[in-house]
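S.K.: Take a look at this one; I'll ask things after.
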Amino acid sequence: VPNKVLTLVLIREEYRILLGMKKRGFGVNRWNGFGGKVEAGETIAQGAKREVEEECGLTLTEFEEVGRIDFEFVGEPQILEVHIFRGDKYEGELQETEEMRPEWFALDAIPFHSMWPDDAYWFPIFLRGSKFKGYIKFEGHDKILDCSLEELETT
Ligand SMILES: CN1CCN(c2cc(NC3CC3)nc(N)n2)CC1
């Protein structure tokens with residue numbers, strides 16, 4: 001079964017990061033970056049930029065892919081291949097949408113208890129500016145069975 005390619009964008013400033021409270025669908029009631037599926041005819045980066053606009057109204061003007069995590073769920077054949085981007089510069093007005101309620105968080109107050117459990121493992125690598133790739137196996141949506149993360153060159 002081919003992987004399902006998804007995007008995740010974390011817009012980060014010096015001392016704060018932009019997250020959105022997911023109001024419906026996959027990951028509902030958890031804070032997360034912005035992202036979604038990659039559509040036919042668009043690159044992964046174009047898909048990432050589109051999802052940010054759709055989910056919070058901002059237009060990314062500078063962003064780069066910094067990580068990739070393959071997620072497996074016990075009992076499900078399809079791997080989620082999540083491409084993670086750091087958003088550096090943006091334009092536009094932050095807005096709440098049907099999908100997401102955006103909010104800025106201080107880097108020392110990231111609400112990990114209300115996020116996907118894997119975030120606590122790879123956010124520290126992301127926040128020190130490293131590139132990374134990993135594989136994380138879940139049982140359901142709350143239990144991590146295996147986690148392997150590799151830090152690549154430091155950007
Ligand atoms: C489009 N979405 C869906 C997937 N996603 C995930 C997934 C994730 N863990 C995986 C066990 C689910 N952890 C974060 N932080 N984000 C990014 C946005």
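S.K.: Give the residues of the stretch 32-71 whose amide nitrogen is closer than 16 Å to a point set 7 Å from the Cα of L149 in the direction of its Cβ.
M.R.: 32-33, 66-71
S.K.: Also, I was wondering about something else. Got the relative contact order for the stretch 19-146 handy, in percent, Cα pairs under 8 Å and 6 or more residues apart?
M.R.: So the answer I get is 28 percent.
S.K.: In µm²/s, what is D for the chain at 10 °C and 1.306 mPa s, where D = kT/(6 pi eta Rh) by Stokes-Einstein and Rh is the Kirkwood radius from Cα pairs?
M.R.: In µm²/s, the coefficient rounds to 101.
S.K.: Shifting gears a bit: Let me see the pair-distance distribution of the stretch 3-45: every alpha carbon pair, 5 Å bin width, integer percents in order.
M.R.: With a bin width of 5 Å, the distribution comes to 6, 19, 23, 22, 17, 10, 2, 0.
S.K.: I've got another one for you. Can you send over the carbon and sulfur percentage of the accessible area for the chain, probe radius 1.4 Å, protein chains only?
M.R.: 48 percent
S.K.: Here's another thing I want to ask about it. Would you mind computing, in nm to one decimal, how far apart the modelled labels at H141 and A109 are, each placed 7 Å from Cα along Cα→Cβ?
M.R.: 2.6 nm
S.K.: Share of antiparallel DSSP beta bridges in the chain, in percent to the nearest 5?
M.R.: Approximately 65 percent, going by the DSSP bridge assignments.
S.K.: Also: Pairs of lysine in the chain with Cα under 21 Å and at least 8 positions apart or on different chains: total?
M.R.: 19
S.K.: Give the long-range amide H neighbours of L6: residues separated by 5 or more places, or on another chain, with amide H under 5 Å away, using H modelled in the peptide plane at 1.01 Å from N.
M.R.: Result for L6 returns E81, V82, H83.
S.K.: Rounded to the nearest 20 Debye, what is the dipole magnitude of the chain about its Cα centre when Lys and Arg each give +1 and Asp and Glu each give -1 at the C-beta?
M.R.: 220 debye
The values are calculated or read from the model by the stated rules, or taken from the named source; none is laboratory data. The shown structure was predicted, so the numbers you read here are calculated from the model rather than taken from an experiment. Here the Cβ is made from the backbone with ideal geometry for all residues, glycine too, and neighbour counts use every protein chain on show. The area values use the complete protein model at the heavy-atom level, side chains included, leaving out ligands, DNA and RNA. Shrake-Rupley method; radii C 1.70, N 1.55, O 1.52, S 1.80 Å.
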